[in-house]
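Data first, discussion second: the structure below is written as structure tokens.
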Amino acid sequence: AEHLQALLPQQIWNLSSGINAEYGDSKANSLHRRDINICVYARRRVAMCLRKMGKLKECIKITRELIKEFPLMSVLHIHENLIEALLAQKAYNEVQQLLTRYDDLTLPKSAVICYSAALLKIRPVSEKFFADVTAKKGLTALQFTAVEALQRAVEFNPHVPQYLLEEKPIILPPEHLLKRGDSEAIAYSFYHAAHWKEVPGSIKFLKCFWKETFKLIPFPLEKGKLFHPYTSGTEETDRELLPAFHDVSVYPKKELPFFLVFTAGLCLFTLSLALLTHFYPIFMGELARIALEYFATPFAMIAEHLQALLPQQIWNLSSGINAEYGGKTDHSTTRTPLEARRLRSYRLFLLPRCTLEGSSRFHKISQVFLEGNIQADSFPPGEGKALPSLHQWY
């Protein structure tokens, strides 16, 4: 850096004087532009070296001079180096003035511009930010402004928060960057992660709100909210710029529909069951029996609770237990399938009429019906007319 500083003044004097015998020639013009680019590149590298050495004042001075002398060199993003040095110096007011100049709709954006603006909006509210209190009372005006700035930054480059939150490892940034790509996110996080950590509560604020911005962009490849849609070739370019061992962050991720995933999983599960049943029929049969018993246990518990809650007469009718045995099954009496079928049919027929007053009438009908004495005069008045039609079923 000292050698470059010693050599630069003479080069700058030659460029500023512009004395060239063949200045009117196109070759001389191209040489002049080349010298200007070399000069700007060298002085910018000197400023970056000074920042790394901790000499922030000298770095800021050289960067301001470059911006003043070569205002048309904004394509080199010299102002981003100035923002980085000012943030390291904690000169937030000067950073805000610089962002007011360069954060314009007509100028190209970058992760440094968007996330630095978001950091300045988050700084006044992050120290006293509590997620549970905000969930109850809602966002204040300053918090809402900070959330909007954060959503704008995340929409421009959604890969940055994962590196700032240390959810992904940060590697050395590459020499060339891709705007809105993973390479730009790595470079920004490598140089600016310390600035976020110096602001109390900014990381917690970022973690709480950064994922909410994706709900505002349902189709990021087709239409954006504040910026142009994402290009489809970002992932391939980042893979060329970044080393092979790095896991490239991809957005938006291509997700399959839930119905398609569910159908594929169901088919694979059915196929595996069929193969296991074919090769191990005894084991699978025992496994199926255990599974049925396991799933039938809740229904058995529900039936026990219903038996305790429902009236005894209704439960006896629905469960097929004869009431004359006091709710117990008579194991000494065996019924033929025909008798059991007859009794079930008559119980279903008389169930809507079964009350406390008609319970004795039902018991008499059941006893006579089981004995086979199916006559109209054997039943109480009012029931004989309906019995012959039922008797014809058998």
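The values are calculated or read from the model by the stated rules, or taken from the named source; none is laboratory data. Source: prediction; values computed, not measured. Positions of Cβ are backbone-derived with ideal geometry, glycine not excepted, and every protein chain shown enters the neighbour counts. What goes into the accessible areas is simple: the full protein's heavy atoms, side chains included, and nothing from ligands, DNA or RNA. Shrake-Rupley method; radii C 1.70, N 1.55, O 1.52, S 1.80 Å.
Shape analysis of the range 81-143 based on the Cα gyration tensor places the equivalent ellipsoid semi-axes at 27, 14, 9 Å, largest first. Each peptide among 156-169, 123-136, 52-65 gets the average number of other Cβ atoms lying within 10 Å of its residues, and from highest to lowest they stand as 156-169, 52-65, 123-136. Do me a favour and compute the ellipsoid semi-axes for the range 194-295 from its Cα gyration tensor, root of five times each eigenvalue, largest one first, whole Å. Semi-axes (√(5λ), whole Å): 46, 21, 17. Summarised in one figure, the compactness ratio Rg/Rh of the range 122-229, Cα atoms and Kirkwood Rh, is 0.98. Three principal axis extents describe the C-alpha atoms of the range 195-236; from largest down they are 37, 24, 15 Å.
Take each peptide in 77-90, 270-283, count the other Cβ atoms within 10 Å of every residue, and average; sorted highest first, the result is 77-90, 270-283.
Counting only protein heavy atoms and using a 1.4 Å probe, the accessible area of residue 41 comes to about 130 Å². The order of 234, 213 by accessible area, most exposed first and with a 1.4 Å probe, is 234, 213. Computed over the range 36-148, the convex hull of the alpha-carbon atoms projects to a mean area of 8.2 nm². Tell me, what % of the accessible area of the range 48-175 is carbon and sulfur with a 1.4 angstrom probe? On the range 48-175, the fraction of accessible area on carbon and sulfur atoms equals 56 percent.
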